[in-house]
Amino acid sequence: MQKKIIATLVGLSVLTLAHGAANVTTAMLNDASKATDSVLSFGMGSEGQRFSPLTQINTKNVGQLVPAWSFSFGGEKQRGQESQPVIYKGKMFITASYSRIFAIDLKTGAKLWKYEHRLPDAIMPCCDVVNRGAALYGNLVIFGTLDAQLVALDQDTGKVVWKEKIDDYAAGYSMTAAPLIADGVLLTGVSGGEFGIVGRVEARNPMTGELLWTRPTVEGHMGYKYDKDGNAIENGVSGTVNKTWPGELWKTGGASTWMGGTYDPSTKLAYFGTGNPAPWNSHLRPGDNLYSSSTVAIDPKTGQIKWSYQNTPNDSWDFDGANEFVTFDMDGKRYGGKADRNGFFYVIDANNGKLQNAFPFVKKITWATSIDLKTGRPNFVKENRPSDPTTGPEGKKGSTVFAAPAFLGAKNQMPMAYNPQTKLFYVPANEWGMDIWNEPISYKKGGAYLGAGFTIRPLNEDYIGAMRAIDPKTGKIVWEDKNSAPLWGGVMTTAGGLVFYGTPEGYLKAVDAKSGKELWKFQTGSGVVAPPVTWQDGGTQYVAVVSGWGGAVPLWGGEVAKKVNFLEQGGSVWVFKLPAK
Ligand code: CA
């Protein structure tokens, strides 16, 4: 027994020497939500709770928070910055607009290395040239690019260790989400739901990039696994061909997995949200159109779908169900919470997908009156679905309906947080609506595949955004903090009794997790559309957030875009701490 332990220790030290530093392991990632000296993954733990047990910065002293350092991404490429930093062994890794990644010295804020991915001119990101973050594994830092590639770099040197093409950017594929490591497997999705791509989840060996399996998220497509030589072996069709997609449209069916996923080590399942079915005009594709606008639970070992839950069957409003499924404990069971673009908050059994609760988290929802908790299906308001354009004037345009939420969603890419101490979710919500109508459309490779027109409008004079504390048990909004511009950054909550979030007006704010009372704010110089993080180093707790206005709102926001066009672009990361005593 003793001999075996010694042998293991010797083995470990050899491994450590070989790589010069202790590597990020599966065990570390499974425990990442409890780690205080690092931020090892997007979501501050693969469950995505964005909760830190740190208490040095708390409700009593957060008002004294001051900048420690700031770093500019530089260049002329100051578009939307939606990135969450990851932090390990004295380094911060941050992705930036136009598929860039920086490594920064945590102590000094000095740049250690930079990698700028060479992008072709013809990339087709739908919603700004953003990136949401990187994954850490072994000695590698891995991120996705706007031309649909995955790049793995050495954490110490920034040298490319492997690079893999995911798909054809000219067909509309891109990558903006942070990759997910689930039980030692690298899981990624694809962006491009507005171009008639086919959504899927892929698994790779994180150290080599070698493909292990693919799982399409449009019913009818074959899944594959791969042998050591890279040969594809059929691994079962997703769902049943033509069951919820009559005709041929499933072949370009959308359901992009553009937000990436979460992974819960206790259920051993990865949860991916899926985007709208393509095209937007729902009359072309009668049926539920699985697995669009859904949460799909996948076994990372086998690539099989264990369960799925569809938030918006036969979606007609671009209600991507791409939002994060955040697992948490309630009444001795493991559930997942999801604030959907369609305006409802869902509480679902994380093991089997059974709906436990569903309630509105915005004030105006026109497309459905409620979600039937028995069947799990929405109670649609028929007359509020945009009509079939072939029945309109000259067969060219359907009736215009006013719909709420707008297609940019009651919540979009900005991740929410869950605090196990207050037992509340903190959800960055937006109140807006849209005029929407359908038009004829046919698929053309690389062309926008919508079949709909729209104009987004505010619903209220004084605010669009609202940070809301939501009780998943009762469905009650416990408090809210209104914000003039739409909220587009993510949230973090801490055991210090705090909730941190940024605003497009440029502020990083700290509010009381129990009451929502504002305790501190700092003007970062550009809009914040990214989620904050925190960690402790040398006995000091730090908070960081990326600043840089952009994303989908200025591009697609209609009347709302006019309201926020005074905001300036940027590209930097800010780090804060308490002043030295
Ligand atoms: Ca979409």
Checklist entry - Can you find a residue in the stretch 451-460 that is closer than 30 Å to VAL533 by Cα, in contact (Cβ under 8 Å) with a residue 60 or more places away in the chain and open to solvent by less than 10 Å² (accessible area, probe 1.4 Å)? => result no
Checklist entry - Does THR524 fit the bill of being over 16 Å from ALA429 (Cα atoms) and hydroxyl-bearing (Ser, Thr, Tyr)? => result yes
Item to check | Those residues of the stretch 193-219 which are open to solvent by 10 Å² or more (accessible area, probe 1.4 Å) and in a loop (DSSP other than H, G, I, E, B), in sequence order | outcome: ASN205, MET207, THR208, GLU210
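Take the residues in the stretch 107-131 that are touching a strand residue (DSSP E or B) at 6+ places or on another chain (Cβ under 8 Å) and within 16 Å of the ligand (Cβ to nearest atom); name whichever of them is farthest from MET44 (Cα to Cα).
Here is the first cut: in the stretch 107-131, the residues touching a strand residue (DSSP E or B) at 6+ places or on another chain (Cβ under 8 Å) are 107-117, 123-126, 131.
Now narrow it down to the ones that are within 16 Å of the ligand (Cβ to nearest atom): 124-126.
On the way: MET124: 29, PRO125: 26, CYS126: 27 Å.
Result: MET124.
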Item to check | Selected residue (only one of LYS482, LYS473, LYS445 is surrounded by fewer than 19 Cβ atoms within 10 Å (Cβ to Cβ) and part of a strand (DSSP E or B)) | outcome: LYS482
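Please count how many residues of the stretch 232-259 are at positive phi, more than 16 Å from the ligand (Cβ to nearest atom) and either open to solvent by 60 Å² or more (accessible area, probe 1.4 Å) or touching a Phe, Trp or Tyr at 6+ places or on another chain (Cβ under 8 Å) (or both).
The initial filter retains those residues of the stretch 232-259 that are at positive phi, namely 236, 239, 242, 247, 254-255.
Adding the requirement that they be more than 16 Å from the ligand (Cβ to nearest atom) leaves 236, 239, 242, 247.
Of the ones still in play, those that are also either open to solvent by 60 Å² or more (accessible area, probe 1.4 Å) or touching a Phe, Trp or Tyr at 6+ places or on another chain (Cβ under 8 Å) (or both) are 239, 242.
The number of residues fulfilling the criteria is 2.
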Checklist entry - Scanning for something farther than 25 Å from VAL478 by Cβ, within 16 Å of the ligand (Cβ to nearest atom) and either open to solvent by 10 Å² or more (accessible area, probe 1.4 Å) or touching a strand residue (DSSP E or B) at 6+ places or on another chain (Cβ under 6 Å) (or both), does the stretch 423-433 turn up at least one residue? => result no
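Filter the stretch 330-359 down to residues that are of a type in the set (Asp, Glu) and farther than 26 Å from GLU194 by Cα and give me whichever is farthest from the ligand (Cβ to nearest atom). Talk me through it step by step, then tell me what you get.
The first filter runs over the stretch 330-359 and keeps only residues of a type in the set (Asp, Glu), leaving 331, 340, 349.
Keeping just the survivors that are farther than 26 Å from GLU194 by Cα gives 331, 349.
Numbers: ASP331: 34, ASP349: 27 Å.
By that ranking, first place goes to ASP331.
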Item to check | Any pair with Cβ under 6 angstrom, 6 or more apart, that starts in the stretch 564-575 at a residue that is without any contact (Cβ under 8 Å) to a residue 60 or more places away in the chain and ends at one that is part of a loop (DSSP other than H, G, I, E, B) | outcome: GLU568/SER526
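Across the stretch 107-128, which residue is farthest from ALA544 (Cα to Cα) among those that are of a type in the set (A, V, I, L, M, F, W, C) and within 25 Å of the chain's Cα centre (by Cα)?
So the residue we want is ALA122.
Restricting to the stretch 399-411, and then to whatever is part of a loop (DSSP other than H, G, I, E, B) and open to solvent by less than 10 Å² (accessible area, probe 1.4 Å), can you tell me which residue is nearest to the ligand (Cβ to nearest atom)?
Taking the stretch 399-411 and keeping what is part of a loop (DSSP other than H, G, I, E, B), we get 399-400, 404-411.
Those still in the list that are open to solvent by less than 10 Å² (accessible area, probe 1.4 Å) too: 404-411.
On the way: ALA404: 17, PRO405: 13, ALA406: 12, PHE407: 7, LEU408: 10, GLY409: 9, ALA410: 14, LYS411: 14 Å.
Filtering first and then ranking leaves PHE407.
Would the stretch 360-381 turn up any residue that is within 16 Å of the ligand (Cβ to nearest atom) and either in a loop (DSSP other than H, G, I, E, B) or open to solvent by less than 20 Å² (accessible area, probe 1.4 Å) (or both)? I'd like the intermediate steps shown before the answer.
Filtering the stretch 360-381 for residues within 16 Å of the ligand (Cβ to nearest atom) gives 367.
Okay, now just the ones that are also either in a loop (DSSP other than H, G, I, E, B) or open to solvent by less than 20 Å² (accessible area, probe 1.4 Å) (or both), so 367.
The answer is yes, given that some residue of the stretch 360-381 is within 16 Å of the ligand (Cβ to nearest atom) and either in a loop (DSSP other than H, G, I, E, B) or open to solvent by less than 20 Å² (accessible area, probe 1.4 Å) (or both).
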Checklist entry - Within the stretch 226-279, which residues are assigned to a loop (DSSP other than H, G, I, E, B), under 27 Å from the mean Cα position of the chain (by Cα) and basic (Lys, Arg)? => result LYS268
Checklist entry - How about the stretch 288-302: which of its residues are over 18 Å from the mean Cα position of the chain (by Cα) and open to solvent by 10 Å² or more (accessible area, probe 1.4 Å)? => result ASP288, LEU290, ASP299, LYS301, THR302
Checklist outcome for this item: Apart from one, (1) of a type outside the set (Asp, Glu); (2) within 21 Å of ILE123 (Cβ to Cβ); (3) more than 17 Å from the chain's Cα centre (by Cα); (4) within 16 Å of the ligand (Cβ to nearest atom) all hold for VAL218; the odd one out is (2)
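For the stretch 313-356, how many residues meet the condition of being part of a strand (DSSP E or B) and not hydrophobic (A, V, I, L, M, F, W, C)? Step through it out loud before you land on a result.
First, pick out the residues of the stretch 313-356 that are part of a strand (DSSP E or B): 321, 326-330, 333-339, 344-349, 355-356.
Applying the additional criterion that residues be not hydrophobic (A, V, I, L, M, F, W, C) yields 321, 327, 329, 333-338, 346, 349, 356.
Selection size over the stretch 313-356: 12.
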Item to check | Flag for THR327 being within 16 Å of the ligand (Cβ to nearest atom) and in contact (Cβ under 8 Å) with a residue 24 or more places away in the chain | outcome: no
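Please pick out the residue among ASP299, ASP318, ASP264, ASP229 that is within 16 Å of the ligand (Cβ to nearest atom) and among the charged types (D, E, K, R). Show your work before the answer.
On the way: ASP299 fails: within 16 Å of the ligand (Cβ to nearest atom); ASP264 fails: within 16 Å of the ligand (Cβ to nearest atom); ASP229 fails: within 16 Å of the ligand (Cβ to nearest atom).
Being within 16 Å of the ligand (Cβ to nearest atom) and among the charged types (D, E, K, R) holds for just one of ASP299, ASP318, ASP264, ASP229, which is ASP318.
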Item to check | Exclusive hit being more than 16 Å from the ligand (Cβ to nearest atom), under 25 Å from GLY557 (Cβ atoms) and aliphatic (A, V, I, L, M), set ALA170, ALA178, ALA134 | outcome: ALA178
Checklist entry - Restricted to the stretch 267-287, and to residues that are under 21 Å from GLU324 (Cα atoms) and more than 13 Å from the ligand (Cβ to nearest atom), which residue is surrounded by the fewest Cβ atoms within 10 Å (Cβ to Cβ)? => result LYS268
Item to check | Matching residues in the stretch 540-581 - criterion: being surrounded by fewer than 22 Cβ atoms within 10 Å (Cβ to Cβ), assigned to a loop (DSSP other than H, G, I, E, B) and modelled with pLDDT under 90 | outcome: GLY558, ALA580, LYS581
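At pLDDT below 95, crowded, with 17+ Cβ neighbours inside 10 Å, in a loop (DSSP other than H, G, I, E, B) and not aromatic (Phe, Trp, Tyr) - does that describe any residue in the stretch 39-53?
Residues of the stretch 39-53 that are at pLDDT below 95, as a first pass: none.
Looking for residues that are at pLDDT below 95, crowded, with 17+ Cβ neighbours inside 10 Å, in a loop (DSSP other than H, G, I, E, B) and not aromatic (Phe, Trp, Tyr), one finds none in the stretch 39-53, hence no.
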Checklist entry - When the stretch 496-526 is examined, which residues are found to be in a loop (DSSP other than H, G, I, E, B), at negative phi and in contact with a strand residue (DSSP E or B) (Cβ under 7 Å, 6 or more places away or on another chain)? => result THR503, ALA513, SER515, LYS517, THR524, SER526
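Residues ASP537, ASP512: which one is open to solvent by 10 Å² or more (accessible area, probe 1.4 Å), more than 23 Å from SER83 (Cβ to Cβ) and of a type in the set (Asp, Glu)? Let's see the steps before the verdict.
Values: ASP537 fails: more than 23 Å from SER83 (Cβ to Cβ).
Answer to the check: ASP512.
The values are calculated or read from the model by the stated rules, or taken from the named source; none is laboratory data. Remember, it's a predicted structure, so these values are computed and weren't measured experimentally. All Cβ positions, even for glycine, are placed from backbone atoms using ideal geometry, and neighbour counts span all protein chains on display. Surface areas here come from the heavy atoms of the whole protein model, side chains and all, with no ligands, DNA or RNA. Shrake-Rupley method; radii C 1.70, N 1.55, O 1.52, S 1.80 Å.
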